[in-house]
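Reading through the structure tokens given below for one structure.
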Amino acid sequence: MKVWVKFVCKDLTGGLANGEYSVPDGATVLDVIRAAEKSCGVTLPPDRDKAFQYILNDKAAQGYTPVPDGAKLYVLHARLGG
Amino acid sequence: MNGYTGKLLFVNLTDKTCEVRELTEDLAKNFVGGPSLGARILYDEMPPNTDALAPESLLGIISGPTNGTGPLMGGRYTVVSKSPVTGGWNDANSGGNFGPILRKSGYDAVFFKGVSETPVYLFIDNGEVSFRDASHLWGKTTIETEIAIRAELDDPKVGIALIGPAGERLSNMAAIMNDTHRAAGRGGTGAVMGSKRLKALVCRGDIKIEVRDKAEIVALNKETVEWEKGPVAEVVKIFSAWGTGSLYEDSTISGDAGIKNWGGSAKDLTDEQKEILTSASMDKMYRKKKFACNACPVGCGAIYEIKDGPWKLEETGRPEYETSSNFGSMLLNGDPQSVNYCNFLCNEYGYDVISFGSTLAWAMECYNTGLFTLEEMGGIDLKWGDRDAIVAMSEAICRASTEMGRVLGGATVAAARHYNRGFEFLVNASGIEIPQHDARRAPGLARTYQYDPTPGRHVKGGLGFTDHGAEPPEQKYSFKDTGRRDLDAVIDLEITNCAGFCQLSDFGLPPGIKLRFLNALTDFNYSEEDGVNLGLRLFTMRHAFNLREGMRRGDFKISDRIVGKPPLKEGPLENITIDNEQLADNFYTELGWDLETALPPKEFLEKVGGLDFVLRDLYGA
Ligand code: SF4
């Protein structure tokens, strides 16, 4: 299935590209990030996902949240403020 | 006394007299500086239930011991008074260079009472005080005034804290400004200054403040620099490059930012609108140079130049996150030029951007739901997202050029009362508009906004908008077990604010270093346990001012909308309702305070110490 992703926290994602990624049925939000890493040839530091928060189809999601086909995922900085 | 000038200046503007008093060791040790030192002084010096704008009302401009003494991120000063908006305690702080200059001029704090017959400014020159006529400056904008005073004193470097026309008009959203675009903005500070016909406090000096251990301060600064290269390097990098506005897009997508006067959701804005107002996007178009407050290695500010378009600006401070959100998402506006221009107008006229943008949002909702006619709007068709109308109404407010502009200049609550309309669209805490972090996303903010002694602030302690908002829903919406974490955060931020550190020191300084800085500056040798009691005392001191005014728990209100009553129907905050009273119960239970009244018991006051006068007033002891 396909998931559209925008990496809003670009400074934390080492050049992961916005766009559509293919993931298997039953994939989670974190699986989508891994798919993006693979596709872009980027390896994020371990625990990097702790610096992320996710909005999936306009709802707050966690790394373990399953992703439906055609979903829209935003990867944001976990730390907000100012 | 190490760490302080040891002098407080009391100014009576009615008879133009000054009195220098000693800052005693007890006062400094127990209340440090900034807001709580201010609350301690006003508790004694200001009769209970004084009107905030009455001659007997006091305005304090107060440094912290870190100002001008070397600690990194320690450049913030505080303005204190009773708030004409909430009717209770008020403090607001600001960065730039003013705090350190105030101290070098010879005083830790200046307190004003009385009313000058004609406009004046106070000039402190290496301890010498003079009253200067400001009649020719009355009516001038902050920028015009700064230029005029610097020319008059033939000194481009004097520190100036001043009001613009907003303060002169006693607007509830009038700020005290310094360094052209820094603001101690909230709670009507500028109105209190305006009520005294005090246009500015101007300082200059090179008085040296002794510290206990200079080498230790250097070592702690080195530790800070290493820390900023280590675990927090990426956060520092973001704030250093793009400032608080770097996270605007994240905030609008996640539900952190207010959208459509807190009634909308991320769906109301396009992806382009969310992205264009981040400072990374705006920097590409407008950035001229960087700006940092005194002694700050993060340097989260920048100066913009807007060369093209309808609102050209030669130099203007980069909008902070609060500004972009208040003039952006709150109004469904995705136009960076208008946001920059409105930011400039607020700085120039001396308005608090948070209350100003929120007031526009309130007026927009009223107008777009038919509560106001086009004629009442002064012909300004204030449709959601209409950048020209947003600018036109902002100008009308700043210039007080239309009836609606004049009324909106009093902020939302006064405007609703004036027209007897739109009460259902008010979003505030005890009357003051809410900053741009949604309590429905980070529920702990509901406790802070409603029950901090200075209500409606995101710069007060508690479970704030940082990591708490990103917690899993089952955790953050359980409203359980929040008391300890909430109180720990309060204790830490009380010390931050009173010492004069910037709030971004939550990541910019290593954990636990603030007390060590205080120990290097002063002779107080606070232990860790002292630090806990200190934080509790500082918080209780501000609260005690409100208690003395007769305020109890039930007097602190928050608007239903910001706690999801009723909940939003779509977006990341869909169906979220916050149990704000449970959060407050958790907090007061942790403190051991009375849940119904928020009165601290005798035992608490005795244990924390240094609050004998509160004990006496509450319990006759
Ligand atoms: S982080 Fe920003 S606001 Fe804070 S002291 Fe530094 S420059 Fe000023």
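The values are calculated or read from the model by the stated rules, or taken from the named source; none is laboratory data. What you are looking at is a predicted structure, and each value in this text was computed from that prediction instead of being measured. Virtual Cβ from ideal backbone geometry, glycine too; neighbours counted across all protein chains shown.
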Every residue from segment B:50-65 that is closer than 19 Å to B:Phe98 by Cβ and touching a Gly at 6+ places or on another chain (Cβ under 7 Å): B:Gly60, B:Ile62, B:Ser63, B:Gly64, B:Pro65
Residue in segment A:55-64 that is under 30 Å from B:Val353 (Cα atoms) and surrounded by fewer than 19 Cβ atoms within 10 Å (Cβ to Cβ) present: yes
B:Glu314 vs. criteria modelled with pLDDT of 95 or more and within 14 Å of another protein chain (Cβ to nearest Cβ): no
Within segment B:199-247, tally of residues that are assigned to a loop (DSSP other than H, G, I, E, B) and either assigned by TED's automatic domain parsing to the domain that holds B:Tyr286 or away from the ligand (no atom under 16 Å from the Cβ) (or both): 11
Residue match in segment B:453-460 (condition: more than 14 Å from every other protein chain (Cβ to nearest Cβ), farther than 19 Å from B:Glu322 by Cβ and not polar (S, T, N, Q)): yes
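Yes or no: segment B:403-415 includes at least one residue that is part of a helix (DSSP H, G or I), closer than 19 Å to B:Arg542 by Cα, among the small types (Gly, Ala, Ser) and touching a Lys or Arg at 6+ places or on another chain (Cβ under 9 Å).
Step one: of segment B:403-415, the residues part of a helix (DSSP H, G or I) are B:403-408, B:411-415.
Narrowing further to those that are closer than 19 Å to B:Arg542 by Cα: none.
Taking every residue of segment B:403-415 in turn, none turns out to be part of a helix (DSSP H, G or I), closer than 19 Å to B:Arg542 by Cα, among the small types (Gly, Ala, Ser) and touching a Lys or Arg at 6+ places or on another chain (Cβ under 9 Å).
Could you list, in sequence order, the residues of segment B:503-536 that are in contact with a Leu (Cβ under 9 Å, 6 or more places away or on another chain) and either within 16 Å of the ligand (Cβ to nearest atom) or within 14 Å of another protein chain (Cβ to nearest Cβ) (or both)? Spell out the reasoning first.
To start, the set of residues in segment B:503-536 that are in contact with a Leu (Cβ under 9 Å, 6 or more places away or on another chain) comprises B:503, B:505-506, B:508-510, B:513, B:515-518, B:520, B:524, B:526-528, B:530-531, B:534-536.
Across segment B:503-536, the qualifying residues are B:Gln503, B:Ser505, B:Asp506, B:Gly508, B:Leu509, B:Pro510, B:Ile513, B:Phe517.
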Any hit, segment A:12-24, residues being part of a helix (DSSP H, G or I) and more than 10 Å from the chain's Cα centre (by Cα): yes
Residue list for segment B:67-86, restricted to those being under 14 Å from the mean Cα position of the chain (by Cα), over 20 Å from B:Glu228 (Cα atoms) and within 15 Å of the ligand (Cβ to nearest atom): B:Tyr77, B:Thr78
Hey, B:Arg103 basic (Lys, Arg) and either more than 25 Å from B:His181 (Cβ to Cβ) or surrounded by 24 or more Cβ atoms within 10 Å (Cβ to Cβ) (or both) or not: yes
Condition check for B:Ile562: hydrophobic (A, V, I, L, M, F, W, C), assigned to a loop (DSSP other than H, G, I, E, B) and buried (at least 19 other Cβ atoms within 10 Å of the Cβ): no
Within segment B:565-585, considering residues that are within 14 Å of another protein chain (Cβ to nearest Cβ) and within 22 Å of B:Pro435 (Cβ to Cβ), the one surrounded by the fewest Cβ atoms within 10 Å (Cβ to Cβ): B:Pro567
Those residues of segment B:255-285 which are crowded, with 21+ Cβ neighbours inside 10 Å, not in a loop (DSSP other than H, G, I, E, B) and not charged (D, E, K, R), in sequence order: B:Ala266, B:Ser279, B:Met282
Enumeration of residues in segment B:248-287 that are away from the ligand (no atom under 16 Å from the Cβ), free of Cβ contacts under 8 Å to residues at least 40 places away in the same chain and away from chain A (no Cβ under 11 Å): B:Lys284
Residues satisfying the stated conditions in segment B:87-113, i.e. more than 16 Å from the ligand (Cβ to nearest atom), over 14 Å from the mean Cα position of the chain (by Cα) and farther than 14 Å from B:Leu9 by Cα: B:Gly87, B:Gly88
Residue satisfying condition, being of a type in the set (A, V, I, L, M) and not in a strand (DSSP E or B), within set A:Val32, A:Val75: A:Val32
Selection within segment B:288-302 - of a type in the set (A, V, I, L, M) and either surrounded by fewer than 18 Cβ atoms within 10 Å (Cβ to Cβ) or away from the ligand (no atom under 15 Å from the Cβ) (or both): B:Ala292
Close pairs (7 angstrom Cβ cut-off, 6 or more residues apart or separate chains): at the interface with chain B (Cβ under 9 Å from one of its Cβ atoms) in segment A:46-68, among the basic types (Lys, Arg) anywhere: A:Asp58/B:Lys267
Criterion (at pLDDT below 95 and either in the same structural domain as B:Pro48 (by TED's automatic domain parsing) or not in a loop (DSSP other than H, G, I, E, B) (or both)) met by exactly one of B:Phe507, B:Phe604: B:Phe507
Failed condition for B:Arg457, given (1) modelled with pLDDT of 95 or more; (2) within 16 Å of the ligand (Cβ to nearest atom); (3) surrounded by fewer than 21 Cβ atoms within 10 Å (Cβ to Cβ): (3)
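Taking segment B:458-480, which residues are outside any loop (DSSP other than H, G, I, E, B) and among the acidic types (Asp, Glu)? Lay out the reasoning, then the answer.
Taking segment B:458-480 first, the residues outside any loop (DSSP other than H, G, I, E, B) are B:468-470, B:473-476.
B:Glu474 - this is the single residue of segment B:458-480 that is outside any loop (DSSP other than H, G, I, E, B) and among the acidic types (Asp, Glu).
Within the group B:Gly245, B:Gly230, which residue is within 22 Å of the chain's Cα centre (by Cα) and either at the interface with chain A (Cβ under 8 Å from one of its Cβ atoms) or surrounded by fewer than 22 Cβ atoms within 10 Å (Cβ to Cβ) (or both)?
Testing whether each residue is within 22 Å of the chain's Cα centre (by Cα) and either at the interface with chain A (Cβ under 8 Å from one of its Cβ atoms) or surrounded by fewer than 22 Cβ atoms within 10 Å (Cβ to Cβ) (or both) leaves just B:Gly245.
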Segment B:303-320 - residue that is within 14 Å of B:His181 (Cα to Cα) and not in a strand (DSSP E or B) and, of those, nearest to the ligand (Cβ to nearest atom): B:Glu320
